[in-house]
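A quick write-up on the structure given underneath.
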Amino acid sequence: PASRAPDPAKPPGTSRSTSATIQPNILWYLVAVADERGLDLRPQLEQVGLDETVMRSGALRVSYRQGSAVIRRALELTGDEHLGLRVGAAQHLTAWGLLGFALMADDTLRHAIETGVRYQNLSGAMVVWSAGVAEEDGAFVLRADLPDPAMDPAVAVFLSEEAFASVVTLSRLTVGPAFAPRAVEFACPPPRRSEPYGALFGCPVRFGAPANRMVIDPAWARARMPGRDPVTYASTLELLDAQLAARRDQQDLLEVLEISVAQSLPAIPSFAEQARRLATSERTLRRRLADCGTTYEALVEGVRRERVEQLLLR
């Protein structure tokens, strides 16, 4: 059934800009797991502009490039090919802030996962989530796509491991420790040791699959959330909708500017020219970029770097 389940369509608003910013949830847990092993990742955070003071800010957003750089270095330092599983297994719903609160107040496990997919741009996810129901037997299918197909393979494995390990861990914290998916599928090649996957997921695990997917039996999908509260859930969604609207405005701005820069290469439009194109003042545009957690210079550098990587790959 897992292999026959249709690939669910991606919900609107889940595409990733190359300069998109996310909450640093994964990096926090990555640092914590490394600390337990006697490794200090803070120097790596500082190298990408994320010192301890900055990381403590509730408004902090980090770019995919910053996150990937720290993850890549952590994999090199630990030599742990299952680091993603460990980081995912260390998580808790409280790390997702307001969204985690909404999930705990939701009605069923399936609906909570669908809520998480809907508001994933507020969760700090570094994969693109989608979900749907298999036509054959009603199994609930959760899919995790990578934001960039050309991503470093080691980072890609880490993100897919972390994604499904966190879902299983958080599901057990809510609907009970007996929870287990029917099957988990990874697009990556088989690892040298597959035992940690079976031990964590408690179900058959397949590698070399067409996509990263988790299949959940209908009975578990219908499991009631112990903290369900319709009133709290509805009021929390109103706050999340407001946050999501603001994030979409930021995402649209980044994508417009990136496209403008990419189409102009090798020339770079001046900041003043970009402000004129957007019919706004330089001061306002600079403030809007600051709200996105970036600058025009950083955005230009990211587009140029991506173009270089594409040329090198070809």
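The values are calculated or read from the model by the stated rules, or taken from the named source; none is laboratory data. Owing to the predicted nature of the structure, the values given are computational and were not obtained by experimental measurement. All Cβ positions, glycine included, derive from the backbone under ideal geometry; neighbour counts span all protein chains shown. Side chains are part of the model used for accessible areas, which takes the heavy atoms of the whole protein and leaves out ligands, DNA and RNA. Shrake-Rupley method; radii C 1.70, N 1.55, O 1.52, S 1.80 Å.
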Considering only the range 78-121, give the helices (runs of 4 or more DSSP H) lying wholly within it that have at least 1 residues that are in contact with a Gly (Cβ under 7 Å, 6 or more places away or on another chain).
98-104
Go through the residues of the range 149-157 one by one and say whether even a single one is modelled with pLDDT under 95 and over 21 Å from ARG65 (Cβ atoms).
no
Hey, LEU239 of a type outside the set (Gly, Ala, Ser), surrounded by fewer than 16 Cβ atoms within 10 Å (Cβ to Cβ), touching a residue at least 40 places away in the same chain (Cβ under 8 Å) and over 30 Å from THR174 (Cα atoms) or not:
no
Kindly list, by first and then second residue, each pair from a residue in the range 165-178 that is polar (S, T, N, Q) to a residue that is open to solvent by 20 Å² or more (accessible area, probe 1.4 Å) and part of a helix (DSSP H, G or I), limited to pairs with Cβ atoms under 6 Å and residues at least 6 apart or on different chains.
THR169/ALA89
With respect to THR294, is the statement that it is closer than 29 Å to SER123 by Cα, out of contact with any helix residue (DSSP H, G or I) (no Cβ under 6 Å at 6 or more places or on another chain) and modelled with pLDDT of 90 or more true?
no
Leading residue by the ranking (nearest to the chain's Cα centre (by Cα)) among those in the range 102-127 that are within 20 Å of PHE179 (Cβ to Cβ) and open to solvent by 30 Å² or more (accessible area, probe 1.4 Å):
GLU114
Candidates PHE140, PHE201, PHE179, filtered to the one that is modelled with pLDDT of 95 or more, buried (at least 17 other Cβ atoms within 10 Å of the Cβ) and within 23 Å of ASN25 (Cα to Cα)
PHE201
Restricting attention to the range 220-261, which residues are farther than 26 Å from ALA102 by Cα and either at pLDDT 95 or above or among the small types (Gly, Ala, Ser) (or both)?
SER260
Evaluate the following for GLY208: is it assigned to a loop (DSSP other than H, G, I, E, B) and surrounded by 16 or more Cβ atoms within 10 Å (Cβ to Cβ)?
no
Tell me which residues, restricted to the range 126-147, are out of contact with any Leu (no Cβ under 6 Å at 6 or more places or on another chain) and part of a loop (DSSP other than H, G, I, E, B).
ALA134, GLU135, GLU136, ASP137, GLY138, ALA139, LEU146, PRO147
Any hit, the range 69-87, residues being at pLDDT below 90, under 15 Å from the mean Cα position of the chain (by Cα), open to solvent by less than 10 Å² (accessible area, probe 1.4 Å) and within 24 Å of ALA242 (Cβ to Cβ)
no
ALA150, sole failed condition from (1) surrounded by fewer than 19 Cβ atoms within 10 Å (Cβ to Cβ); (2) in a helix (DSSP H, G or I)
(2)
Filter result for SER130 (at pLDDT 85 or above, crowded, with 17+ Cβ neighbours inside 10 Å and not aliphatic (A, V, I, L, M)):
yes
Looking at the range 243-258, can you tell me whether even one residue there is more than 29 Å from GLU162 (Cα to Cα), aliphatic (A, V, I, L, M), without any contact (Cβ under 8 Å) to a residue 24 or more places away in the chain and open to solvent by 40 Å² or more (accessible area, probe 1.4 Å)?
yes
Can you go through VAL155, VAL184, VAL167 and tell me which one is touching a helix residue (DSSP H, G or I) at 6+ places or on another chain (Cβ under 8 Å), within 22 Å of TYR197 (Cα to Cα), open to solvent by less than 30 Å² (accessible area, probe 1.4 Å) and assigned to a strand (DSSP E or B)?
VAL184
Yes/no for SER264 being of a type in the set (S, T, N, Q), open to solvent by less than 70 Å² (accessible area, probe 1.4 Å) and at pLDDT 90 or above:
no
When you look at ARG288, is it in contact with a Leu (Cβ under 8 Å, 6 or more places away or on another chain) and under 19 Å from ALA69 (Cα atoms), yes or no?
no
